[in-house]
Amino acid sequence: MATCFKELPIFTALRRHLSNKLSHKLSNDALLRNGDFMRYWSSSILNGFGSYISALALPLCSVLLLHATPAQMGMLGASAAIPFALLALPAGVFLDRNRKLPVLLGSKAVMAVTLGSIPLAYWLGLLSIEWMYVVSFIGGACSVVGGGAEQIFLTNLIGRDRLTDAQSKFAATDSAARLIAPGIAGILIQWLTAPFAMLVNAVGFVISILLLRNLNATDPKPAPSHKHPLRDIHDGLLFIWGQPLLRTLAWGAGVWHMLFYGFTALSVLFATRELGMTAGMLGAAQMIGGVGVLMSSLLLKPLNTRFGAGVTMQIGLGLTAFAFAAMPMIPANLFGSPTASAVACGGLSLFLDCGVMLFFMPYMTMRQKVTPDAYLGRMVSTMRFLTVATAPLGALTAGYIGEHFSIRTGMACVAVGGIALSVAMALSSAMRNAQHQAAPATS
């Protein structure tokens, strides 16, 4: 019967139409015709799903199983950011002197082993908050080195002119991951417990390695440098200081990271202890937040085209500040219902996730476009040092305030900082100049 339907003229015509439409889409999109990019993109999708699962499982493991205090959650957040202060500058020199793909693959292998150690330690009865600190620190170190290699490798893979198009594609698939993965994470955590849910991300890193190891993309070994590594670090810092736009992006993103890590250190505690949300409810609320990533993928290209990357970035910054400010105002029983509080939390996660993507996608594109190839490694790592080195301070401060005053007070302090940063960035002359240069003429 099904075969008969397939042979009807209307189904044959529909199949041909869809096939022609797909062929037209592929023929007009250079990135979709690039096999290496498609494998890179597939790897990114896998890691995106896994990272969202771990992002929920890791703090819940600390809060629910290890009964972490606000100060300990602040330390957990700081552990992930400290590697940026310690390793970012030497990592930039290392990346500028070595091929990027082996570094990228090595960091994924380390992450697979590290995440796999959590369920093993839990099974053996060895899991502790100190173990979680170590896992968080190694994850941050892999993000510094491997994440820097990944950004540079993508630029070499597709070229600077296609970065915005690629980022839009990443945002689209990331939105799908953000919509689906937290719900899966909530179910896995309730079925398997948080430590064993981490295995999903570990397996994803293994598959990612298999996808990327045979790429045919150009990844040449840079010419040997006879400079002392400290001289290269000095040159990277000097280059960023000499670029008004990079200098402004550095302090702006640095303050933002400090605020964001402070918010993150308290957000799971706020959801579970102030709002009484379970792992499943928290996963569902974060799925609502995934709609924000989808919105950003739809808005990114039109906003960039209409207003320029600078304005788009400031819109994202404003949305994150709004979410920072509104989140601690949610009561435990909104309209007399804890479910309504959970829905409100999810709704604000929508604004936060949309804002984060609209802030960072143009941020990364703008800094790549003004940096020559010879400085890409040092620029990425130096910017990471300058912007994320402040994050431990934010996480530790928020944890301290949450411990000695209240979780809501700590989040309110983050909100004040977010509003002040939005105003300061809007008044920045470098950002105004970037907007003027990037925004196209309109008739």
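Over segment 240-380, with the other protein chains present, what is the accessible area per residue in square angstrom, probe 1.4 angstrom?
With the other protein chains kept in place, segment 240-380 gives 35 Å² per residue.
Going by the alpha-carbon gyration tensor, a ≥ b ≥ c the square roots of its eigenvalues, is segment 101-147 rounded (a/c under 1.5) or, if a/c is not under 1.5, prolate (a/b greater than b/c) versus oblate?
oblate
Counting helices only, and only those DSSP H runs with n ≥ 4, report the 222 nm mean residue ellipticity of the chain as the sum of -39,500 (n - 2.57) divided by its residues, in deg cm²/dmol to the nearest 500.
-28000 deg cm²/dmol
As a test question: what accessible area, to the nearest 10 Å², does residue 205 have when a 1.4 Å probe is rolled over all protein chains in place?
The accessible area comes out at roughly 30 Å².
Let me know the volume per residue of the alpha-carbon convex hull for segment 162-273, in Å³.
About 212 Å³ per residue, rounded to a whole number.
Using a 1.4 Å probe on the protein heavy atoms only, what accessible surface does residue 257 show? Give it in Å² to the nearest 10.
That residue has around 30 Å² of solvent-accessible surface.
Using a 1.4 Å probe on the protein chains only, how many percent of the accessible area of the chain belongs to carbon and sulfur?
69 percent
Using +1 on the beta carbon of Lys and Arg, -1 on that of Asp and Glu, and nothing else charged, what's the dipole of segment 107-172 about the Cα centre, debye to 20?
140 debye
For segment 122-130, in order, what is each residue's ³J(HN,Hα) by Karplus, 6.51 cos²θ - 1.76 cosθ + 1.60 with θ = phi - 60°, in whole Hz (x at glycine and Pro)?
Those phi angles translate into 5, 5, 7, x, 9, 5, 9, 5, 5 Hz.
For the chain, with a Gaussian network of springs between Cα atoms less than 10 Å apart, report the residue from 197, 344, 374 with the top mean-square fluctuation.
Looking only at 197, 344, 374, the biggest GNM fluctuation is shown by 374.
On a C-alpha basis, how far is the centre of segment 60-85 from the centre of segment 225-281 in Å? Whole number, if you could?
Comparing the Cα centres of segment 60-85 and segment 225-281, I get a distance of 16 Å.
Rounded to the nearest 20 Debye, what is the dipole magnitude of the chain about its Cα centre when Lys and Arg each give +1 and Asp and Glu each give -1 at the C-beta?
1060 debye
Just to verify a number: what accessible area does residue 373 come out at with the full protein assembly present, 1.4 Å probe, Å² rounded to tens?
Result for residue 373: roughly 100 Å² accessible.
Please tell me which of these pairs span more than 21 angstrom C-alpha to C-alpha: 169/221; 301/369; 169/301; 169/369?
Result: 169/221 exceed 21 Å.
Please report the net charge: other residues with Cβ closer than 15 Å to the Cβ of residue 243, K and R +1, D and E -1.
+3
Calculate, for segment 66-220, the solvent-accessible area per residue in square angstrom, rolling a 1.4 angstrom probe over the heavy atoms of the protein chains.
Heavy-atom SASA per residue in segment 66-220 reads 39 Å².
Cα centroids of segment 346-403 and segment 114-193: how far apart, whole angstrom?
Distance between centres, Cα-based: 16 Å.
The values are calculated or read from the model by the stated rules, or taken from the named source; none is laboratory data. Note that the coordinates shown come from a computational prediction; the quantities given were computed from them, not determined experimentally. For neighbour counting, all protein chains shown are included, and Cβ atoms are generated from backbone atoms with ideal geometry for every residue, glycine included. When the accessible area is computed, the model is the full protein with side chains, heavy atoms only, and any ligands, DNA or RNA have been set aside. Shrake-Rupley method; radii C 1.70, N 1.55, O 1.52, S 1.80 Å.
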